[in-house]
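Scroll down for the structure; my scribbles are underneath it.
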């Protein structure tokens, strides 16, 4: 599919012979470490023939017993509790940072300075200033870099981008998106790292809203101005070690209004206080010639409305099952309507990044670079500034 709508080649590496190996050094062994490792192991036999073979060299985490078990479970050759050892290991060509937000900047900068390609989980950093330092480091080192905004690699979302790029929708008028979950609504839920500003940077903003901000830029364009409200509903929570209570100094929810440079307007909502919402990431785009709707909880579907469809008596939203061989990435998977899941987005994402590394292809525009991560952080900072000042804030990169 090389040259087709920005997709990376599915035909294997340019060089003749076996696909090259790329050594993987993974920082983080929990949620994202598990998701990323699964994708690296699945990629060679599903994105076939592979552009590269990920070799699981080493995994790092703070807890010796837990990271040792993760290494055995996921298949890494070794483990460590010191991320510096990953940076210094010449067998590692790709440094994958799936750690908490407070350990994104320093290890990624060091890995770039050591000449390694760098993949970092979202949000790229706790602040725009921190993200800018990371961007400067990878650009100075001349290494490939990507932020793991994996929803860019949902086939239905890629299909939406294709439709927009083709001009089929015409001028875009509206973007409205929400990302809703429920998992911290219990006031007795402990004050984990995601509720600590020093570690997380922000709350629902960085955890959830950063995803839909990235999709807004990916599908609609650059924001020009933003206005927002943030809210913390539970200001104190029990500490995880049972020693007392701690202050929650991040947002539990945000609501925002956006004006885009192309004249479109939009809304964003993110909250972890929504009973019944498990991973409810949705967006709707209204445009000159039609509309698109998407819901991550039904990620193989894209709802499409065409304004001039005939006969008009039956005009309405079509629920398109994005599961055919001609849809993005599906030629590598199953027969029609044998559904894909959340974990497959990482397979597509890492295939794209490995292709960029071994075949020197651009990561953008389909992959999110550290430039995208920095711009996302600028918008997140603007949301916090707007909420504090109760005024609209211009976006300046």
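Summary of values
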read-out	value
Condition met for residue 137 (under 30 Å from residue 382 (Cα atoms), crowded, with 23+ Cβ neighbours inside 10 Å and modelled with pLDDT of 95 or more)	no
Residues satisfying the stated conditions in the range 194-209, i.e. under 14 Å from residue 383 (Cα atoms) and touching a strand residue (DSSP E or B) at 6+ places or on another chain (Cβ under 7 Å)	204, 205, 208, 209
Selection count, the range 355-371, where residues are closer than 14 Å to residue 120 by Cα and crowded, with 24+ Cβ neighbours inside 10 Å	3
When residues of the range 29-44 are limited to those that are closer than 11 Å to residue 347 by Cα and out of contact with any strand residue (DSSP E or B) (no Cβ under 7 Å at 6 or more places or on another chain), the one surrounded by the most Cβ atoms within 10 Å (Cβ to Cβ)	39
All positions within the range 120-155 that are under 19 Å from residue 199 (Cα atoms) and not in a loop (DSSP other than H, G, I, E, B)	120, 128, 129, 130, 131, 132, 133, 134, 147
Out of 175, 193, sole residue that is within 25 Å of residue 349 (Cβ to Cβ), surrounded by 15 or more Cβ atoms within 10 Å (Cβ to Cβ), over 18 Å from the mean Cα position of the chain (by Cα) and in the same structural domain as residue 264 (by TED's automatic domain parsing)	175
Subset of the range 213-224 [buried (at least 23 other Cβ atoms within 10 Å of the Cβ) and over 18 Å from residue 159 (Cβ atoms)]	213, 223
Any chance residue 249 is touching a helix residue (DSSP H, G or I) at 6+ places or on another chain (Cβ under 9 Å) and surrounded by fewer than 18 Cβ atoms within 10 Å (Cβ to Cβ)	yes
Residue check for residue 396: modelled with pLDDT of 95 or more and assigned to a loop (DSSP other than H, G, I, E, B)	yes
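The values are calculated or read from the model by the stated rules, or taken from the named source; none is laboratory data. Given the structure is predicted, the values throughout are model-derived calculations rather than measurements. Here Cβ is always computed from backbone atoms with ideal geometry, including for glycine, and neighbour counts include all displayed protein chains.
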